[in-house]
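Participant: This structure is in structure tokens; I'll ask about it shortly.
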Amino acid sequence: MVVVHRAHGYRFVLYTADHEPAHVHITGPGQAKINLLGRDGAPELVFSAGIKRADLRRLMEEVFKRRDAFLHDWKRIHEASD
């Protein structure tokens, strides 16, 4: 597990032994999973549990802003573990 970002009281995590498609897990007071390249190429929420709607909106905005950095980290982490 690699924490690649922190914001709004949450950790943005990539798991080293995780599967495609590229995605980020968000943990804190609740959890979520967001695909970094959704159907239209933009980040897409897979699921969330225990996160208030306003917090989820802020977290999604954070993923939109940092998507390219998260994708870079995903590639770096998963190419190293191959």
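Participant: Roughly how many Å² of Arg66 are accessible to a 1.4 Å probe, to the nearest 10?
Facilitator: 70
Participant: Place +1 on the Cβ of every Lys and Arg and -1 on the Cβ of every Asp and Glu in the chain, take the dipole about the Cα centre, and give the residue among Tyr15, Leu56, Leu71 whose Cα lies farthest towards its positive end.
Facilitator: Leu56
Participant: Using only the heavy atoms of the protein chains and a 1.4 Å probe, how would Met60, Met1 rank by accessible area, largest first? Don't jump to the answer; show the numbers that get you there.
Facilitator: Numbers: Met60 35, Met1 120 Å².
Heavy-atom accessible area, descending, gives Met1, Met60.
Participant: Using a probe radius of 1.4 Å on heavy atoms only, what accessible surface per residue do you get for the chain? Whole Å² is fine. If you can, show how the numbers build up before the last one.
Facilitator: Working: 4920 Å² over 82 residues.
Per residue, the chain has 60 Å² of solvent-accessible surface.
Participant: Kindly write out, for the range 4-10 in residue order, the coupling ³J(HN,Hα) from the Karplus curve 6.51 cos²θ - 1.76 cosθ + 1.60 (θ = phi - 60°), rounded to whole Hz, with x marking Gly and Pro.
Facilitator: 9, 6, 9, 6, 6, x, 10
Participant: Please state the charge dipole magnitude for the range 41-82, taken about the Cα centre, from unit charges on C-beta atoms (+1 on K and R, -1 on D and E), reported in debye and rounded to the nearest 20.
Facilitator: On the way: 9 positive and 8 negative charges, 58 e Å.
Here the size comes out at about 280 debye.
Participant: If you wrap a convex hull around the alpha carbons of the chain, what volume per residue comes out, as a whole number of Å³?
Facilitator: On the way: hull volume 6.9 nm³, N = 82.
Normalising the Cα hull of the chain by residue number yields 85 Å³.
Participant: Let me ask something else. Compute, for the chain, the length of the dipole vector about the Cα centre, with Cβ point charges of +1 (Lys, Arg) and -1 (Asp, Glu) only. Units Debye, rounded to 20.
Facilitator: 420
Participant: In deg cm²/dmol, rounded to 500, what helix-only [θ] at 222 nm does the chain give when every DSSP H run of at least 4 residues adds -39500 (n - 2.57) and the total is split over its residues? Numbers along the way, then the final one.
Facilitator: On the way: 1 runs with 28 residues, N = 82.
Counting only the DSSP helices, I get -12000 deg cm²/dmol.
Participant: Round to the nearest 10 and report in Å² the accessible area of Leu59, as given by a 1.4 Å probe over the protein chains' heavy atoms.
Facilitator: It works out to around 0 Å².
Participant: Heads up, I need the accessible area for Ile51: 1.4 angstrom probe, whole protein in place, Å², nearest 10.
Facilitator: 20
Participant: Further question on the same structure: Cα gyration tensor of the range 31-73, axes a ≥ b ≥ c as square roots of the eigenvalues: rounded (a/c below 1.5), prolate (a/b > b/c) or oblate? All intermediate terms of the calculation are to be shown ahead of the outcome.
Facilitator: Numbers: a/c = 1.99, a/b = 1.61, b/c = 1.24.
Cα axes put the range 31-73 in the prolate bin.
Participant: Determine the gain in length on full extension of the stretch Val3-Asp68; use 0.36 nm per residue of separation and subtract their C-alpha separation, reporting nm with one decimal. Can you show the working numbers first?
Facilitator: Values: separation 65, 0.36 × 65 = 23.40 nm, distance 1.57 nm.
Contour length minus the Cα-Cα distance gives 21.8 nm.
Participant: May I ask you to give the percent of accessible area on the chain that is carbon plus sulfur, with a probe radius of 1.4 Å? Write down the numbers at each step before the final one.
Facilitator: Numbers: 2480 of 4920 Å².
Accessible surface attributable to carbon and sulfur in the chain totals 50 percent.
Participant: Which sequence of Asp40, Asp18, Asp68 reflects their accessible areas, 1.4 Å probe, from the largest down? All intermediate terms of the calculation are to be shown ahead of the outcome.
Facilitator: On the way: Asp40 130, Asp18 35, Asp68 105 Å².
Per-residue accessible area, sorted high to low, gives Asp40, Asp68, Asp18.
Participant: Compute the angle between helix 53-80 and the longest alpha-carbon principal axis of the chain, please, reported from 0 to 90 degrees and rounded to the nearest 10.
Facilitator: 10
The values are calculated or read from the model by the stated rules, or taken from the named source; none is laboratory data. Every value quoted in this text rests on a predicted model; they were computed, and no experiment measured them. As a convention, Cβ positions derive from the backbone with ideal geometry for all residues, glycine included, and neighbour counts pool all protein chains shown. Only protein heavy atoms, including side chains, enter the accessible area calculation; ligands, DNA and RNA are left aside. Shrake-Rupley method; radii C 1.70, N 1.55, O 1.52, S 1.80 Å.
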